[in-house]
C-alpha cells in the first residue's frame, strides 16, 4: 500500500505531450525524453510520427539514437514537460481546436 500512496501517476491523455516529457514506450526497456513532435525520419518514407525522443538521462547522442513513435505506444509517463500558454496554443493548433 505504501507504494501506491507514494507513487506518482501521470496520465498520458489524448493530446500530444509537451517537449521535455520523459516516458517509457512499449518497445524499449528504458526511458526516453521527447524533444520533437510531428516528425519524419530522414530518408525513410513519409510516415509522420507523433514524437521523436532521445535516451534518458543520456540525452541526444546522434541521429542513430533517435526514437520515433506514436502516442499510443507510450506505456508510462515519468515526468511531464513544461506547459506554458504557448504550448497549450500549439497543441490546440495541431489538433485543429
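Comparing 63, 49, 35 in a Gaussian network model of the chain, where Cα atoms under 10 Å apart are tied by springs, the biggest mean-square fluctuation is seen for 63. Note on residue 8/residue 28: beta-carbon distance plugged into 1/(1 + (r/R0)^6) with R0 of 22 Å gives a FRET efficiency of 0.60.
Figure legend: label point modelled 7 angstrom from the Cα of residue 79 along Cα→Cβ; residues of segment 13-49 with amide N under 14 Å from it are 18-24, 31-35.
Between residue 15 and residue 41, the contour length at 0.36 nm per residue exceeds the Cα-Cα span by 7.2 nm. Suppose the Debye formula is applied to equal point scatterers at every Cα of segment 2-95; what is log10 I(q)/I(0) at q = 0.21 Å⁻¹? Relative scattering, expressed as log10 I(q)/I(0), comes to -1.11.
We did not get these values from a lab; they are worked out from the coordinates using the rules stated. Keep in mind the model is a prediction, meaning the values are calculated, not measured. For neighbour counting, all protein chains shown are included, and Cβ atoms are generated from backbone atoms with ideal geometry for every residue, glycine included.
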